[in-house]
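*Asks:* Quick one: structure below, then a few questions.
The values are calculated or read from the model by the stated rules, or taken from the named source; none is laboratory data. In this text the structure is predicted, and so the values were computed from the model without any measurement. All Cβ positions, even for glycine, are placed from backbone atoms using ideal geometry, and neighbour counts span all protein chains on display. Accessible surface areas use protein heavy atoms only, side chains included; no ligands, DNA or RNA. Shrake-Rupley method; radii C 1.70, N 1.55, O 1.52, S 1.80 Å.
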Amino acid sequence: MKRYLTVYIIIFQILVSCAPNDTPTLEADSIYFNGNIYTMDDSNPKVEAVAVKADTFLYVGTKIDVDAFKGDSTHIIDLNGKTMIPGLTEGHAHIMGVGYNLLNVDLREAKSYEEVVEMVAARAANTPEGTWILGRGWHQDKWVEKPEMTKGFPTHDLLSQAVPNHPVWLKHASGHAALGNAKAMEVAGIDGQSDQPDGGEIFMSLGGNPTGIFNETAQGLVTKVIPEQTKESDVQALKLALNQCFKYGITGFHQAGSGPDHINLYKEFAERGELKLRLYVMLNGRDPELLEEYFRNGIEEDIYENQLTVRSVKLYADGALGSRGAWLLEEYSDAPGVHGHNVMPMEDIEEITANAYKAGFQVCVHAIGDRANREVLDIYERTFELYPEGAPKEPRFRIEHAQHFHPDDIPRFAEMGVIPAMQAVHMSSDRPWAINRLGTKRIRGGAYMWQSLLQSGARIVNGTDAPVEPITPFASFYASVSRKTLKGNPEGGYEPAEKMTRDQALKSYTLDAAYAAFREDRKGSIEVGKWADLTIFDKDIMTIEEEEILNTEVEMTVIGGEIVYEKK
């Protein structure tokens with residue numbers, strides 16, 4: 001029904017523009033005016049007023065003309081100088097992880113290993129013995145005080161002493177490593193004789209005992225014995241995550257990998273009208289049965305009143321830079337002989353990519369290191385050659401994270417139409433220590449190369465990778481335009497030539513994010529006929545001082561004309 005209304009609105013606007021002045025107008029449900037309204041429409045970049053009918057923009061233009069759409073029941077919203085933009089899209093994150101990070105022990109603010117242990121011990125004091133304690137978010141390179149470490153990571157000893165009777169599993173902020181205590185390793189049957197897995201590593205001490213750190217695929221040796229999450233906890237986590245999204249102005253969300261249980265949960269929420277968020281789901285590429293089902297049945301697009309789309313696949317080429325899992329062409333500068341990990345066989349990635357291409361599904365491969373990015377680009381190039389005259393559907397393949405390249409590979413993105421989904425806040429968090437991993441030459445010539453990619457013609461999708469980073473868009477927007485840490489260092493920013501302009505940064509969160517999900521015709525800009533998704537700020541992020549960006553707050557979030565969040 002709403003699709004018919006959208007068509008009607010467009011036809012109506014054409015008729016109005018050609019008709020005499022006394023032609024009756026369609027009454028708006030709501031009108032927004034008296035603010036800084038940025039549309040992301042190049043032909044009409046800034047306007048005075050916007051009218052909404054149902055879930056669609058009815059009018060975009062001047063305050064004088066918008067009054068023609070005002071009726072007795074129209075909701076009039078005076079922005080009072082606030083700033084309104086197209087609804088923001090989180091371009092790469094993990095929605096269930098956002099929720100579970102609020103349910104479990106959130107370690108992102110811990111300043112030392114001792115503080116991590118204290119937080120876990122506090123949770124253990126109120127948890128029955130033998131129950132698993134889960135947490136996420138610690139990062140040893142962000143600690144002010146560093147403990148004695150092995151291979152650059154803490155050992156389990158302090159944690160095991162403080163919490164001996166609960167199995168504890170604490171995921172690294174990146175999600176690509178984890179720390180388990182002695183009880184967790186006992187339950188999982190891990191000891192000094194355990195075999196090392198392909199694509200990962202159980203860190204061992206000089207004495208041959210596990211240190212408690214499980215890198216990349218080695219995490220599966222422990223996670224397989226952790227009790228599965230219940231349906232009740234999944235529901236609670238999803239509700240919490242949705243509320244977080246709305247609080248931070250997120251109207252669209254690119255969900256980076258889901259299995260059948262969570263996809264069914266999204267559908268249940270959407271069917272009841274409780275999802276509201278425009279969720280764009282990537283299938284878990286490690287589930288062959290799920291892929292076979294979807295490749296056979298085809299994509300699911302804009303189902304349940306445009307709340308949910310399933311039309312892409314998430315795969316993994318390598319790990320994370322912080323845990324030295326990112327796959328590099330040359331060895332790590334701070335770990336001679338180490339090149340990182342290829343966590344999923346490249347022949348499997350190539351086979352799935354070809355099958356997805358034939359079935360009309362987008363492919364999104366996690367690649368952080370320069371070797372991983374090159375290998376994935378090579379696979380995409382070979383895949384495109386399967387259909388010299390074009391695939392059944394436009395592919396718009398993506399590389400998720402795309403943090404570090406060999407300079408020769410930068411222009412290949414635009415040449416092949418590959419979209420880099422890059423989370424700018426990672427540069428703020430990682431750049432101070434990433435130079436130790438890569439060295440000066442590789443950092444300056446191939447890491448976080450935003451402007452180089454944009455100048456080559458590529459489109460960048462921004463985001464946070466939440467819960468790796470908090471889901472607030474202001475951190476990534478600030479990082480995009482400043483190239484600084486969130487503490488404002490260094491003066492002038494790291495590699496400042498790679499900064500985005502504010503317009504580019506906003507586009508990466510709106511119109512280009514919509515393009516990456518095949519929906520630039522329906523969202524990403526404020527234009528007549530598009531979905532009425534809006535984010536309203538208390539400050540004008542396009543003009544305020546750089547350091548004020550991080551102090552900006554969301555005043556209102558609107559999805560399909562419905563106010564889903566309003567600051568009290």
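*Asks:* Could you give every pair whose Cβ atoms fall below 7 Å, whose first residue belongs to segment 250-273 and is farther than 27 Å from residue 524 by Cβ, and whose second residue is assigned to a strand (DSSP E or B), counting only separations of at least 6 or pairs across chains?
*Replies:* 259/284
*Asks:* Also: Being part of a strand (DSSP E or B), closer than 20 Å to residue 462 by Cβ and within 23 Å of the chain's Cα centre (by Cα) narrows it down to one residue among 541, 549, 526, 536; which is it?
*Replies:* Being part of a strand (DSSP E or B), closer than 20 Å to residue 462 by Cβ and within 23 Å of the chain's Cα centre (by Cα) holds for just one of 541, 549, 526, 536, which is 536.
*Asks:* Next question. Any idea which of (1) open to solvent by less than 50 Å² (accessible area, probe 1.4 Å); (2) basic (Lys, Arg); (3) farther than 19 Å from residue 198 by Cα is the one residue 324 doesn't satisfy?
*Replies:* (3)
*Asks:* So is residue 8 open to solvent by 40 Å² or more (accessible area, probe 1.4 Å) and either at pLDDT below 55 or in a strand (DSSP E or B) (or both) or not?
*Replies:* In short, yes.
*Asks:* Further, regarding this structure: Can you say whether residue 375 is of a type in the set (Asp, Glu), part of a helix (DSSP H, G or I) and touching a strand residue (DSSP E or B) at 6+ places or on another chain (Cβ under 9 Å), as far as the supplied structure shows? Lay out the reasoning, then the answer.
*Replies:* Working: of a type in the set (Asp, Glu): yes; part of a helix (DSSP H, G or I): yes; touching a strand residue (DSSP E or B) at 6+ places or on another chain (Cβ under 9 Å): yes.
Yes: the conditions hold for residue 375.
*Asks:* Does residue 91 count as open to solvent by less than 10 Å² (accessible area, probe 1.4 Å), among the small types (Gly, Ala, Ser), under 24 Å from the mean Cα position of the chain (by Cα) and at positive phi? Walk me through it before giving the result.
*Replies:* On the way: open to solvent by less than 10 Å² (accessible area, probe 1.4 Å): yes; among the small types (Gly, Ala, Ser): yes; under 24 Å from the mean Cα position of the chain (by Cα): yes; at positive phi: no.
Judged against the criteria, residue 91 is not a match.
*Asks:* How many of the residues in segment 552-568 are crowded, with 16+ Cβ neighbours inside 10 Å and assigned to a loop (DSSP other than H, G, I, E, B)?
*Replies:* Selection size over segment 552-568: 3.
*Asks:* Which ones in segment 349-367 are open to solvent by less than 10 Å² (accessible area, probe 1.4 Å) and either aliphatic (A, V, I, L, M) or not in a helix (DSSP H, G or I) (or both)?
*Replies:* 349, 356, 360, 361, 362, 363, 364, 365, 366, 367
Let's see how each residue does on (1) open to solvent by 40 Å² or more (accessible area, probe 1.4 Å); (2) of a type outside the set (Val, Ile, Thr); (3) in contact with a helix residue (DSSP H, G or I) (Cβ under 7 Å, 6 or more places away or on another chain):
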position	(1), (2), (3)
259	no, yes, yes
279	no, yes, yes
282	no, yes, no
302	no, yes, no
316	yes, yes, no
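*Asks:* If residue 359 meets every condition in (1) closer than 17 Å to residue 449 by Cα; (2) in contact with a helix residue (DSSP H, G or I) (Cβ under 7 Å, 6 or more places away or on another chain) apart from one, which number is that one?
*Replies:* With respect to (1) closer than 17 Å to residue 449 by Cα; (2) in contact with a helix residue (DSSP H, G or I) (Cβ under 7 Å, 6 or more places away or on another chain), residue 359 is out only on (1).
*Asks:* Scan segment 192-214 residue by residue and report those that are of a type in the set (A, V, I, L, M, F, W, C) and not in a loop (DSSP other than H, G, I, E, B).
*Replies:* Of everything in segment 192-214, those that are of a type in the set (A, V, I, L, M, F, W, C) and not in a loop (DSSP other than H, G, I, E, B) turn out to be 202, 203, 204, 213, 214.
*Asks:* Restricting attention to segment 124-143, report how many residues are within 21 Å of residue 175 (Cα to Cα) and touching a strand residue (DSSP E or B) at 6+ places or on another chain (Cβ under 9 Å).
*Replies:* Number satisfying all stated conditions: 10.
*Asks:* I'm told residue 233 meets every condition in (1) closer than 30 Å to residue 164 by Cβ; (2) hydroxyl-bearing (Ser, Thr, Tyr); (3) not in a helix (DSSP H, G or I) except one. Can you identify the failing condition by its number?
*Replies:* With respect to (1) closer than 30 Å to residue 164 by Cβ; (2) hydroxyl-bearing (Ser, Thr, Tyr); (3) not in a helix (DSSP H, G or I), residue 233 is out only on (3).
*Asks:* State all residues of segment 11-58 that are of a type in the set (D, E, K, R), at pLDDT 55 or above, surrounded by fewer than 14 Cβ atoms within 10 Å (Cβ to Cβ) and not in a strand (DSSP E or B); if no residue qualifies, say none.
*Replies:* Result: 42, single match.
*Asks:* Test residue 494 against the stated conditions and say whether it is under 27 Å from residue 257 (Cα atoms) and of a type in the set (Ser, Thr, Tyr). Spell out how you get there, then give the answer.
*Replies:* Numbers: under 27 Å from residue 257 (Cα atoms): no; of a type in the set (Ser, Thr, Tyr): yes.
Considered against the rule, which asks whether it is under 27 Å from residue 257 (Cα atoms) and of a type in the set (Ser, Thr, Tyr), residue 494 comes out as no.
*Asks:* Of the numbered conditions (1) assigned to a loop (DSSP other than H, G, I, E, B); (2) on the phi > 0 side of the Ramachandran plot; (3) not hydroxyl-bearing (Ser, Thr, Tyr), residue 226 fails exactly one; give the number of that condition.
*Replies:* Only one criterion in (1) assigned to a loop (DSSP other than H, G, I, E, B); (2) on the phi > 0 side of the Ramachandran plot; (3) not hydroxyl-bearing (Ser, Thr, Tyr) is unmet by residue 226, namely (2).
*Asks:* Only one of these conditions is not met by residue 217: (1) out of contact with any Asp or Glu (no Cβ under 7 Å at 6 or more places or on another chain); (2) closer than 30 Å to residue 95 by Cα; (3) of a type in the set (Val, Ile, Thr). Which number is it?
*Replies:* Going through the list (1) out of contact with any Asp or Glu (no Cβ under 7 Å at 6 or more places or on another chain); (2) closer than 30 Å to residue 95 by Cα; (3) of a type in the set (Val, Ile, Thr), residue 217 breaks only (1).
*Asks:* Please determine whether any residue of segment 203-219 is of a type outside the set (Lys, Arg) and closer than 28 Å to residue 361 by Cα.
*Replies:* Checked segment 203-219: at least one residue is of a type outside the set (Lys, Arg) and closer than 28 Å to residue 361 by Cα.
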